[in-house]
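Heads up, the thing below is written out as structure tokens.
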């Protein structure tokens, strides 16, 4: 998919006036989502590709946050890998991913990216409801972290989402 995405773009679209490759920036996010398919529903949609073409910086921030959140969730729930799909590990990952995005680019833009990501035809309603609820919690915490997180805002988000996960306060399906 990544190669097809890059090949389908003409050279005029590949660079901005600043000389930064929009395709490269957007493709970094899109390809990382589509390449591994580590979690169900993680592929990209045309809406995601369109958004990233116009907002490459936001997508790079989201990709960085996704990589961090995935690694943290896999480490935290290594003894319960099943929880990484529809369980507490999945809920935690969504919470910290959304929080990290919101901390970097603000609540509105984070909510837009997350909404576009979740609104897929193949995303079952119960999973959409779960992911959206945990994303909303994360966005709220991400904004809050800028005033309360001190020098380690992502650590603050991780700790808050972890406490919510441990207390059964994040939405799960199992």
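The values are calculated or read from the model by the stated rules, or taken from the named source; none is laboratory data. The structure presented is a predicted model; accordingly, all values stated were derived computationally and were not measured. Because the Cβ atoms are built from the backbone with ideal geometry, glycine has one as well, and the counts that use them run over all protein chains shown.
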Residue 48 versus (1) closer than 26 Å to residue 124 by Cα; (2) under 15 Å from the mean Cα position of the chain (by Cα); (3) at pLDDT 95 or above: which is the lone unmet condition?
-> (3)
Kindly establish whether residue 82 is farther than 22 Å from residue 121 by Cα and modelled with pLDDT under 95.
-> no
Can you name every residue in the range 118-134 that is touching a helix residue (DSSP H, G or I) at 6+ places or on another chain (Cβ under 9 Å) and not in a helix (DSSP H, G or I)?
-> 119, 120, 123
Could you give me the residue pairs with C-beta distances under 7 Å whose first residue belongs to the range 150-174 and is surrounded by fewer than 17 Cβ atoms within 10 Å (Cβ to Cβ), whose second residue is not in a helix (DSSP H, G or I) wherever it lies, and which are 6+ apart or on separate chains?
-> 173/86; 174/86; 174/87
Take residue 97 and decide whether it is touching a residue at least 24 places away in the same chain (Cβ under 8 Å), buried (at least 20 other Cβ atoms within 10 Å of the Cβ) and assigned to a helix (DSSP H, G or I).
-> yes
